[in-house]
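The values are calculated or read from the model by the stated rules, or taken from the named source; none is laboratory data. All values reported here derive from a predicted model rather than from experimental measurement. Cβ placement follows ideal geometry from the backbone for every residue including glycine, while neighbour counts extend to all protein chains displayed. Side chains are part of the model used for accessible areas, which takes the heavy atoms of the whole protein and leaves out ligands, DNA and RNA. Shrake-Rupley method; radii C 1.70, N 1.55, O 1.52, S 1.80 Å.
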Amino acid sequence: MTDSLDYKKIGLRVGLEVHQQLDTHRKLFCHCPAGVYTSSHDGSVLRHMRPTLSELGEYDGTALMEFKTKKNVVYLLHKSNTCTYEMDDTPPFPINQEAIDIAIEQCLMLGCDIVDEVHIARKQYLDGSIPTGFQRTAIVGVEGSIPFRERRISITQISVEEDSCREISDCGHLIVWRTDRLGMPLIETVTGPDLRTPEEVEEAILCIGRVCRSTGHVRVGMGASRQDVNVSVAGGRRVEIKGVAKAGLAPALVHGEAVRQVNLLKLRDELRGRGLCDAEDIHVEHEDVTNLVADSQVDHFRATNWQSQRATRAADPRSELEHGRGEFCVRAVVLRGLARTLSWPTQPGLTFAHELQGRVRVIACLDQQPTFIHDAKWPDCEGAQQELERLRDHLDCGGDDALIMIWGAADDTVTAAKEIRLRYVDALDGVPNETRQPKKDGSTDFERILPGPDRMYPDTDSPPQAVTRNRVKRLQDTLPEPPWEREERYGDVGIPLPTIHFLIRRGGARLVDLVVDNCGSDLAWTCYFFGERLKGLRRSGVPVDQISDAGWLALFNRFSRQPALRDAWKEIVSGLAESPDIDTVLADLGLNDRFDDVPEGVRSAIETEPFQQPAYDDGQLNRFLMGCLMSGLRGLVPAVEVASALSSELEART
Amino acid sequence: MSDAKDPLKGYRGHARSRLERWGMRVWGDVRVRNTAGSTFEGVILPRGETFDDLHLVLKLKTGYNVGIHVDRIESIEELGFKEAVYKIPEKAFPVTPDLPNVTLLGTGGTIASRLDYRTGAVIPAFTPGELYGAVPELAELCNLTTKKIFGVFSENMSWAEYVPLAEAVGEAIDGGADGIVIGHGTDTMGHTASVLSFMVQNSPVPVVIVGSQRSSDRPSSDAALNLIHAVSAAASGDIAEVQICMFGPTSDRYGLLHRGTRCRKMHSSYRSTFRTIGDVPLSVVDRDGFTAINPDYLPRDHSRNVRIDTRHDDRVTILYYYPGMKPDVVDALVEKGYRGIVIAGTGLGHVNKPLFPALKRAIDQGVHVVMTVQTLWGFAQMYVYDTGRDLLDVGVVPLDNMLPETALMKLGWVLGHTHEHDEVMAMMRNPISHEITEREPHNGYLILQGGLPEVDEFITDHWK
């Protein structure tokens, strides 16, 4: 099995869900300020989540999984950004209209049809990331598309929703969250599964990001935009990689997931080849062998090892909430007929054992390292091999059987054994629907069973909201241009694409348009100014972003009247960043006057400038004299004028 | 048109006539195309009564709901139809011979529920089998019988509901229940707890009223834990009184059992809203059992016989005094035939001077006027100031530290027994279930002020 893939051949399909925080004053459903992040807390609340049965008497798969984890959920509250709404002790206030407007702008720019009446729905999450146990979310637009390479990507829907809490820690049965981010408005842009290669995914993420930035009404900075990437291959199933923080991380993750799905399909075929087709064919037995391994050479099997780890955390009063129920237990899990499956390749560099470990870690809350050990990768400390033989013998493990050893609180080890069996059952079917979390090295790990559409039902706390066509028209009329139109317009005057993208991403585009429209400035020159020149100045520490719109307008108006000033742009902008009055800045730089008699200035410079070396050739003399002249004249007279006067004068003298 | 038969439930006016013209019906699986060319596929849902008559509501395949303006519909076709049948498949509640028998009486609201994800509807789960499915922990606590007495939001309850409820409690006790649980909306839970304290006396077993602040369809709901605590208190608790069981803090840590006559809803939405006023609660209840707080209660005793007494007169009211109140308000009440007025007075039990003659007129006409305090905590002590003394002279009778809502319930109950003034007042002032107490403990009034450093520090260190 190889790690390089023909994406077309395997039928790779990728779709995106791009989350973008909106630049509003307040949160979506309460009056707390948005964007206030804190790192301490004034109060804490302990909660638990229970799933609700469906009318069929069944638990939704994800809910059931979360319920099995029996997690204690703690929320840390800070009074500056949290009210009783975040604590789920007060119903929602009327939805933030500013957020709806921005969502509509996004929809319009992406060519979506705006729904007539916005209905808020509840999307259940039982991991505790939202204290109510559900996220309030509503569709605002449907059926758009954007130009992408030589084709278009479909936009299925755009919704407005509230952001979730920030995870602080997740140890054992205790998960701790901060509520500062909770409730901040987000828009979620969902594309169709139209992307075909990992590289396209990165590009599409950046493209949609530029659309968001183009509205001018989104938050920037760390965490302000996150994307979820949905990946499937032919014969596989949709897997969601949740929370890809940067576009550059996407290609490795998508490739890794494609490899994983292809390998899991091969594992399915292998299992079928062994005659294992249905759940009943998977025989996994488990046994408490704690006493059998009480004197083990393997550290993990000794109770004292486990207890000392607990003791070190005992100082924290909350650490009790981390513990599972029961005494220390070592459990042997025998996988009948499943030898050589633990080492089956899945992601690049990882095996099927990693898949099992993900389930055990998340659902049984066994987060020690390693999660478990198994006979295909047994510790090599002295005596360990003999122990393995004894265990296999005791458990009647044949050559076709595999063995996993788990340790931890008794109840948790039982849960783990059950989840191992369930994951093998899933393996008979190929690729299970999962949500996976990305790791920095480009791999992914199990996070939860993928929620289905069944997790949603109406939020009856809020009435539906009609969106009139007048409102849509009002927003359409003031809509900034979409990025591809700007790319074309700037591109026509020769601006390179990376510069255009920089301008869109960093807000320079807005300033470009501002001064071009109001000061008659040349588009190309202005793009270079904001897109390249200013970049350097910013990098060297000049606070150029503090210059107000009025400041830029004043500056560029001057540029129009006194083109010579453009040569002295660096000094002028540096001055403007410190003191907002353009006249003062120019006066301080001695640039307030016009310099009228250029030829005379040139003549007098030639006569007074102390050059003695006759060895200067014409070119050097010219450059030297230009240097001398410009040091005095920069900003007062355009360089071209000086150069031309100098040439004439020198010519006249020869 | 009754709900059961109306194929376009909730749709009216313009939207309805369009849907009728297209031959559409609620629960139909449809494909809609609008004038902008967008396609929507989903189930037509019923329209809420208070929403406009211009939009069609669909639950899309993705799970989201959208509203489509009927004027923007280009085409619509029904692809299938599946009636929404809200019948939950039941598992039988296990019967364990050694466990106590608890009867759960339903008054409305959903202490437990299920979701029909296809339509988004929240379906009440009430029979023992349904409750077992939603809260399986109950089977470890008791054998459960359920009976639905009626189904109203608690703000719509009145004497017409209290009577059958009290009688149902009596029947359940006579039927051998080891404890009674009453599922109830939280708005007027305190009122019901008060009136049942008078209508159901000398009970041999606990009568525990329970509800939830967050609807039970939510993963975060307090319903399940409240129910577990309440059933536990009814099954194996020792307090044979009418009591309310709700959250202690807003965290999932423990519940409190409050005596019915002194318990009030103190916040519109917090889980921790119910508090005992002017005293301490009866007990803490959590998964490990009970921790008694107040040793003064009627203990469980199967040899006692419950007395059910539902006599009442509903011509009673509360007058919430405010400065500038005019006497005509009192005159109007008397004119309309009210026989009992509970005044929620300011301070130690005061109203303004201009009201005195009107109150005297009322009392002379046989209306019984009693005084409680708006501040909720503290005693009506009308002998301290002139105003109070003058009111006593007029014939207004103080009710010490009885809560205004409890006083209303008691006055209505008492007037069902007698209208003889001295008898009425004697009954009012003679506590049946601690609705008047002789002593307020120093920790009966503990409203901590947020913002003070020591208080905020305490809150930071303890679970909210």
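Annotations for the structure displayed:
- Prolate/oblate/rounded label for chain A (Cα gyration tensor, a/c 1.5): prolate
- Chains A and B together bury some 4800 Å² of accessible area, summed over both sides, with a 1.4 Å probe.
- Estimated from the Cβ-Cβ distance and a Förster radius of 45 angstrom, the FRET efficiency linking A:L497 and A:D441 is about 0.90.
- Label point 7 Å beyond Cα of B:W159 along Cβ direction - residues of region B:325-346 with amide nitrogen under 16 Å: B:334, B:336-342
- Computed E for B:K91/B:E171 - FRET, C-beta separation, R0 22 angstrom, nearest 0.05: 0.25
- Accessible carbon and sulfur surface of chain B relative to its total accessible area, %, 1.4 Å: 51 percent
- Near-label residues of region A:508-539 by backbone N, under 19 Å of a point 7 Å along Cα→Cβ of A:E641: A:521-522
- Simple spin-label estimate for A:D278 and A:R238 gives 3.0 nm between the two label positions (7 Å along the Cα-to-Cβ direction from each Cα).
- To the nearest ten degrees, helix A:618-633 and the longest principal axis of the Cα atoms of chain A are 80 degrees apart.
- Around the Cα centre of region B:329-464, unit charges on the Cβ atoms of Lys, Arg, Asp and Glu (plus for the first two, minus for the last two) sum to a dipole of about 440 debye.
- Nearest-ten-degree value, helix A:569-578 long axis tilted from longest Cα axis of chain A: 60 degrees
- Panel values: the protein assembly as shown, Kirkwood radius from alpha carbon pairs, Stokes-Einstein at 37 °C and 0.692 mPa s, translational diffusion coefficient 93 µm²/s.
- Separation between Cα centres of region B:261-313 and region A:165-213, rounded to whole Å: 48 Å
- Exposed GluC sites (Glu not before Pro) absent: longest stretch of chain B, with sites in DSSP loops and at most 16 other Cβ within 10 Å deemed exposed: B:91-419
- Prolate/oblate/rounded label for region A:88-245 (Cα gyration tensor, a/c 1.5): oblate
- Tensor-based shape of region B:110-221 (alpha-carbon gyration tensor, a/c under 1.5 rounded, otherwise prolate or oblate): oblate
- Derived scalar couplings ³J(HN,Hα) [region B:132-144; Karplus, 6.51 cos²θ - 1.76 cosθ + 1.60; whole Hz; x for Gly, Pro]: 4, x, 7, 10, x, 4, 4, 5, 7, 9, 6, 9, 10
- Remark: for residue pairs A:K68/B:K91; A:K68/A:K440; A:K70/B:K147, the C-alpha separation exceeds 25 Å in A:K68/A:K440; A:K70/B:K147.
- Whole-angstrom gap from region B:146-213 to region A:31-50, using each part's C-alpha centre: 37 Å
- Gyration tensor over the Cα atoms of region A:452-603: the corresponding equivalent ellipsoid has semi-axes (square roots of 5 times the eigenvalues, largest first) of 43, 18, 16 Å.
- For B:K410, the aspartates and glutamates whose Cα comes closer than 17 Å to its Cα, not counting residues fewer than 8 places off in the same chain, are B:E161, B:E241, B:D309, B:D313, B:D314, B:D400, B:E420, B:D422, B:E423, B:E435.
- Net length available on complete extension from B:R304 to B:D364 is 17.4 nm, with 0.36 nm assigned per residue and the Cα-Cα distance removed.
- Relative to the current alpha-carbon distance between B:E457 and B:H417, full extension at 0.36 nm per residue lengthens the span by 9.2 nm.
- Interface residues of region B:104-122, defined as those losing at least 30 Å² of solvent-accessible heavy-atom surface relative to the isolated chain (probe radius 1.4 Å), are listed as B:R114, B:L115, B:Y117, B:G120.
- The protein assembly as shown, helix-only ellipticity at 222 nm - DSSP H runs n ≥ 4, -39,500 (n - 2.57), divided by all residues, nearest 500: -10000 deg cm²/dmol
- Here the simple spin-label model places points 7 Å from the Cα toward Cβ, and for A:S39 and A:R539 these points are separated by 2.9 nm.
- A:Q369-A:A294 FRET efficiency (beta carbon distance; Förster radius 35 Å; 0.05 resolution): 0.95
- A straight Cα-to-Cα reach below 24 Å connects A:K71 with the lysines A:K123, A:K242, A:K418, A:K439, B:K464, residues fewer than 8 places away in its own chain not being considered.
- Surface composition of region A:437-483: carbon and sulfur atoms hold 53% of the protein heavy-atom accessible area at a 1.4 Å probe.
- Label positions at B:D6 and B:T145, each projected 7 Å from the Cα along the C-beta direction, are separated by 3.8 nm.
- Among the listed pairs B:K9/B:K61; A:K79/B:K61; B:K5/B:K61, those with a Cα-Cα distance over 32 Å are A:K79/B:K61.
- Put simply, region A:247-319 fits an ellipsoid with semi-axes of 38, 27, 12 Å; these come from the alpha carbon gyration tensor as the roots of five times its eigenvalues, largest first.
- Rg/Rh for region A:110-155, where both radii come from Cα atoms and Rh is the Kirkwood radius: 1.19
- Spatially, region A:462-492 and region A:123-151 are offset by 20 Å when compared through their Cα centroids.
- The angle between the Cα long axis of helix A:639-653 and the longest principal axis of the Cα atoms of chain A comes to about 40 degrees, rounded to the nearest 10.
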